[in-house]
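Undergrad: If you scroll down you'll find the structure; I have some questions about it.
The values are calculated or read from the model by the stated rules, or taken from the named source; none is laboratory data. Note that the structure is predicted; figures quoted are calculated from it, not measured. Glycine gets a Cβ as well: all are built from the backbone with ideal geometry, and neighbour counts include every protein chain shown.
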Amino acid sequence: MIKHVVAFDVSMGKSTMVIYNRHRQCEFEGEILHNRPSFEKLHNTLQELKAQDGQTPEIVFEATGVYSKGLERFLQDYQYAYCCLNPIQANEETKTMRRQKTDKADAHGLARTHFRNERVHTYVEDDYYGQMRAWSRYYAELDAELNHLHNRMHAILQLSFPELGTLFSTRSALFLNIVQLYPHPEEVLDHSRTVIRNRLKQNTKKNLSLQRAEAKGQCLLEAARLSYPAISRNDIRCEQVRDYARRISDLKEKKEQLIKQMVTQSGISSTNVLSRNRRNNSCSNYRGVRGHPPF
């Protein structure tokens, strides 16, 4: 038998809290902030109700995205069972939901309906799974940003030095270095073959032999002599494409670091990490299965 219900209407940085007794009467209505002092005070209140009733009060609130995560973290840290309702379920069960998330009626509605609805406590999964989903989302964001920057860089290179895309693999580190060094053919023609070779070798992190650097430099010179760009070397877009190449290089490095961290965290191979990321990115509603990392 339910003896007390504690319900929250969660908004940004704070919640309206109500406490109802077994007679479905409101004993308390107030506001708590989502900070340590308020949560400690809430913990004391919940402990008092537990001592009074001989059981932990029922706790219910509606999920409000990132705003309700702080309350959830507090409840999990202190091992309180709770019911976190999705907005559709909350709306159907109360019929009093307001669009404004600070409406006090929402908390009262959740508390009153808790006595007549059989609500299942929210399952609290291992932190590992949540962490791996966060890794996966971060990886997907980096991947999307990389594709976006590649498209922008390609568009500008078609104006400044279109031949570059046919000479080198556009996804290679060497290509990105060349774009940063020579976004316009006139900048290539300002240097001798020896200077170009040395600059390519010095600015490529992976080992690049002198012979290969010389061959790439020669190809670059020949392409520069043939090129007829649509913009001048002083056009701001040349600096812009340099910036895109720099940002792509940084993001690619960050992706590599992220894969290593995910491998360490999960204990599986980098191939499986990438495979799961691709699979889960195509299934946005995937929530994970117990015993299997959801990422």
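Undergrad: Only one of (1) among the small types (Gly, Ala, Ser); (2) part of a loop (DSSP other than H, G, I, E, B); (3) touching a helix residue (DSSP H, G or I) at 6+ places or on another chain (Cβ under 6 Å) is not met by Gly109, so which one is it?
TA: For Gly109, the exception is condition (2).
Undergrad: Tell me which residues, restricted to region 120-133, are within 16 Å of the chain's Cα centre (by Cα) and either small (Gly, Ala, Ser) or not in a helix (DSSP H, G or I) (or both).
TA: Selection gives Gly130 alone.
Undergrad: With the structure loaded, tell me whether Asn91 is surrounded by 13 or more Cβ atoms within 10 Å (Cβ to Cβ), part of a helix (DSSP H, G or I) and either in the same structural domain as Lys14 (by the TED database) or among the polar types (S, T, N, Q) (or both) or whether it fails that test.
TA: It is true that Asn91 is surrounded by 13 or more Cβ atoms within 10 Å (Cβ to Cβ), part of a helix (DSSP H, G or I) and either in the same structural domain as Lys14 (by the TED database) or among the polar types (S, T, N, Q) (or both).
Undergrad: Next question, about the same structure. What do you reckon, is Tyr80 in a loop (DSSP other than H, G, I, E, B), in contact with a Ser or Thr (Cβ under 7 Å, 6 or more places away or on another chain) and assigned by the TED database to the domain that holds Asp106?
TA: Numbers: in a loop (DSSP other than H, G, I, E, B): yes; in contact with a Ser or Thr (Cβ under 7 Å, 6 or more places away or on another chain): yes; assigned by the TED database to the domain that holds Asp106: yes.
Yes.
Undergrad: Continuing with the same structure: How many residues are in a loop (DSSP other than H, G, I, E, B), over 27 Å from Gly130 (Cβ atoms) and either among the basic types (Lys, Arg) or at pLDDT 75 or above (or both) when one looks only at region 94-104?
TA: 3
Undergrad: Count, please, the residues in region 198-212 that happen to be part of a helix (DSSP H, G or I) and either closer than 24 Å to Gln158 by Cα or not assigned by the TED database to the domain that holds Phe168 (or both).
TA: Looking only at that region, the number is 2.
Undergrad: Of these, Asn147, Asn177, which one is in the same structural domain as Arg246 (by the TED database) and in contact with a Ser or Thr (Cβ under 6 Å, 6 or more places away or on another chain)?
TA: Step by step, each of Asn147, Asn177 is checked, and only Asn177 is in the same structural domain as Arg246 (by the TED database) and in contact with a Ser or Thr (Cβ under 6 Å, 6 or more places away or on another chain).
Per-residue answers, yes or no, for (1) farther than 30 Å from Val5 by Cα; (2) modelled with pLDDT under 90; (3) loosely packed, with under 15 Cβ neighbours inside 10 Å:
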position: Tyr78; (1), (2), (3): no, no, yes
position: Ala81; (1), (2), (3): no, no, yes
position: Glu118; (1), (2), (3): no, yes, yes
position: His121; (1), (2), (3): no, no, yes
position: Tyr128; (1), (2), (3): yes, yes, yes
position: Arg133; (1), (2), (3): yes, yes, no
position: Ser160; (1), (2), (3): yes, no, no
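Undergrad: Does Lys206 satisfy being surrounded by fewer than 16 Cβ atoms within 10 Å (Cβ to Cβ) and closer than 30 Å to Gln257 by Cβ?
TA: So Lys206 passes the test.
Undergrad: For the structure I just gave you, tell me whether Gly65 is surrounded by fewer than 12 Cβ atoms within 10 Å (Cβ to Cβ) and small (Gly, Ala, Ser).
TA: In short, yes.
Undergrad: Tally the residues that are surrounded by 15 or more Cβ atoms within 10 Å (Cβ to Cβ) and either under 22 Å from Glu118 (Cβ atoms) or among the hydrophobic types (A, V, I, L, M, F, W, C) (or both), restricting the search to region 40-62.
TA: Adding up the residues that qualify gives 12.
Undergrad: From the set of residues in region 1-39 that are among the polar types (S, T, N, Q) and in contact with a helix residue (DSSP H, G or I) (Cβ under 7 Å, 6 or more places away or on another chain), which is surrounded by the fewest Cβ atoms within 10 Å (Cβ to Cβ)?
TA: The selected residue is Ser11.
Undergrad: In this structure, is Tyr228 of a type in the set (Ser, Thr, Tyr), touching a Leu at 6+ places or on another chain (Cβ under 8 Å) and at pLDDT 95 or above?
TA: Values: of a type in the set (Ser, Thr, Tyr): yes; touching a Leu at 6+ places or on another chain (Cβ under 8 Å): no; at pLDDT 95 or above: yes.
For Tyr228, the condition - of a type in the set (Ser, Thr, Tyr), touching a Leu at 6+ places or on another chain (Cβ under 8 Å) and at pLDDT 95 or above - is not met.
Undergrad: Please report, ordered by residue number, the helices (runs of 4 or more DSSP H) entirely within region 134-196 with at least 2 residues that are in contact (Cβ under 8 Å) with a residue 60 or more places away in the chain and touching a helix residue (DSSP H, G or I) at 6+ places or on another chain (Cβ under 8 Å).
TA: So the answer is 173-181.
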